[in-house]
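Take a look at the structure set out below.
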Amino acid sequence: MSTPFYVSPQQAMADRAEYARKGIARGRSLVVLQYADGIVFVGENPSRALHKFSEIYDRIGFAAAGKYNEYENLRIGGVRYADLRGYTYDRDDVTARGLANVYAQTLGTIFSSQAEKPYEVELVVAEVGDSADGDQIYRLPHDGSIVDEHGSVAVGGNAEQISGYLDQRHRDGMTLAEALKLAVQALSRDTNGSEREIPAERLEVAVLDRTRPQKRKFKRIVGARLSRLLDSVPGEVSPEDGDADGDADE
Amino acid sequence: MEANTRSTGRLPAAFLTPGSSSFMDFLGEHQPEMLPGNRQLPPVQGVIEAPHGTTIVAVTFPGGVVLAGDRRATMGNMIAQRDIEKVFPADEYSAVGIAGTAGLAVEMVKLFQLELEHFEKVEGAQLSLEGKANRLSTMIRSNLGMAMQGLAVVPLFAGYDVDRGRGRIFSYDVTGGRSEEQNFATTGSGSIFARGAMKKLYREDLTEEQATTLVVQALYDAADDDSATGGPDVARRIYPIITVITEDGFRRLSEDEGSELARAVLERRLEHPDGPRAALL
């Protein structure tokens with residue numbers, strides 16, 4: 001019997017993190033943005049049936065990049081968690097913060113357990129409030145940490161570059177059409193800085209719209225409404241102060 | 001009774017195990033004690049006294065279906081509540097009205113709503129109207145033990161069938177037996193009187209407005225002859241709950257709309273206490 005090699009904990013964690021990051025980077029990135037009436041989810045997704053964005057509960061939405069079977073599993077776990085919690089207590093007692101904590105614990109335990117391979121996923125849990133101040137967006141990387149985000153967030157392989165681009169241009173109180181346009185522009189930029197066209201039928205778009213009269217605020221935007229929104233803002237959404245050519249590579 | 005976490009804060013294995021899209025199945029496996037049907041009832045003598053809800057009526061019209069209920073809950077010969085709500089949206093395209101033991105009925109509706117919503121979220125698609133009706137059947141069946149002790153729940157389920165493009169009504173018995181009703185249906189203690197009224201007033205070409213008036217007429221007649229059914233209470237401004245489900249989804253008539261309909265019917269009854277007359281032949 002051979003003696004196992006010693007691997008330092010630092011090295012083991014670094015290897016696992018690299019494994020997870022590489023897995024996530026294979027998929028397309030997606031973005032989540034606040035706009036005047038809520039939160040919009042935008043991503044490139046050629047599939048009509050296998051969603052990246054879904055409803056978890058009344059005001060809570062879910063977005064995921066990475067390996068489909070793993071985030072689908074987490075999504076269903078989240079729906080079960082939220083529905084059970086709402087059934088046990090009250091619908092108001094289901095919060096994005098609670099859900100994000102459970103996801104963080106779950107991802108964190110899997111990441112540091114030697115018996116399991118780390119999940120190759122990065123999640124966003126968002127809750128729309130009664131006003132923009134009440135909106136909550138949490139980003140959950142593969143290792144189980146939680147990042148409380150404001151304004152805009154990108155996850156996936158190309159996330160850093162895209163968030164840089166968004167940070168410069170996103171402002172509070174954008175209309176849905178403006179936010180959507182900005183999101184598409186951010187997603188169309190490749191790693192090398194060149195742009196490509198993403199046709200409307202390859203886009204998956206959903207919103208948490210606080211103005212919806214129903215209790216459930218999540219809604220997918222598809223078909224004619226999506227094309228109309230995309231066409232309604234001509235040109236590029238430019239940053240508020242200078243730097244119009246938007247060097248997103250930094 | 002915690003919804004999540006046992007010790008670690010991590011989602012328990014049951015949450016991440018692939019399985020059925022049904023919330024009730026999940027609950028049955030994970031926390032069976034929370035399912036109403038699994039509740040153990042101590043042996044009791046005679047009938048358990050609990051508030052009862054009474055009359056629910058439904059009628060289809062071209063383009064949709066109307067479901068309505070009176071507002072009275074009774075316990076024996078006492079009025080337990082004057083403004084109880086017995087008609088609820090089940091989801092975007094269906095509604096359920098409940099007669100029977102009020103406490104259990106409300107709990108059943110809550111679980112039924114959750115069951116439909118859970119399926120929709122997990123699968124990304126709605127159940128068929130038939131599927132929803134069957135699900136309700138299962139729930140009533142699981143209540144049979146309590147129904148045998150006098151705690152029965154007898155719902156009326158109505159919805160817009162998006163595949164067939166029309167409104168449909170399903171009625172149930174205490175054993176969960178389900179039957180689709182043509183044109184109109186009633187349930188609860190005042191149902192025989194409401195049914196008589198609907199039978200005489202129903203026509204196949206009703207407009208939405210006529211259909212909502214028809215249910216108020218039927219509820220009025222039920223309240224007229226059944227002491228457990230409450231009529232429109234003008235003094236307290238308590239009117240029947242009327243819901244309409246069409247291609248555009250579920251809509252509950254506002255208090256103003258409800259009061260207007262009820263007052264119009266009341267007004268006519270001052271002249272003709274027995275209501276509108278159908279032709280003899």
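Here, each number is a calculation from the coordinates, and none is a lab measurement. Keep in mind the model is a prediction, meaning the values are calculated, not measured. So basically every Cβ, Gly included, is an ideal-geometry build from the backbone, and we count neighbours across all protein chains shown.
For the reader, a short list of remarks on this structure follows.
- Between helix B:102-123 and chain B there is an angle of about 60 degrees, using the helix long axis and the longest principal axis of the Cα atoms.
- Between residue B:272 and residue B:183, the C-beta separation translates, for a Förster distance of 22 Å, into a calculated FRET efficiency of about 0.35.
- Normalised by residue number, the volume inside the convex hull of the Cα atoms of the stretch B:138-259 is 129 Å³ per residue.
- Between 0 and 90°, nearest 10: helix B:208-225 axis offset from chain B longest Cα axis: 90 degrees
- Cβ-based net charge around residue A:59, under 15 Å, with every Lys or Arg adding one and every Asp or Glu removing one: -3
- Computed over the stretch A:9-229, Kirkwood Rh from alpha-carbon pairs, angstrom: 17.6 Å
- Helix A:96-112 vs. chain A, principal-axis angle (Cα, 0 to 90°, nearest 10): 40 degrees
- The protein assembly as shown, Cα convex hull volume normalised per residue, Å³: 192 Å³
- Stokes-Einstein, applied to the Kirkwood radius of chain B over Cα pairs at a viscosity of 1.002 mPa s and 20 °C, places its translational diffusion at 109 µm² s⁻¹.
- Between B:189, B:94, B:22, the residue with the greatest mean-square fluctuation in the GNM of chain B (Cα pairs under 10 Å linked by springs) is B:22.
- Rounded to the nearest whole angstrom, the semi-axes of the ellipsoid equivalent to the stretch A:44-172, taken from the Cα gyration tensor as √(5λ), stand at 22, 21, 14, largest first.
- Note on the stretch A:30-86: Cα convex hull, mean projected area over all directions, 4.5 nm².
- The sum of -39500 (n - 2.57) across all DSSP H runs of n ≥ 4, divided by the residue count of chain A, sets its helix-only mean residue ellipticity at 222 nm to -11500 deg cm²/dmol.
- Shown is the FRET efficiency for residue B:161 and residue A:17, computed with R0 = 35 Å from the Cβ-Cβ distance and rounded to the nearest 0.05: 0.10.
- Simple label model, 7 Å out from Cα along Cβ direction - residue B:227 to residue A:115, nm: 6.6 nm
- Mean projection of the Cα convex hull over all viewing directions, computed for the stretch B:170-240: 5.6 nm².
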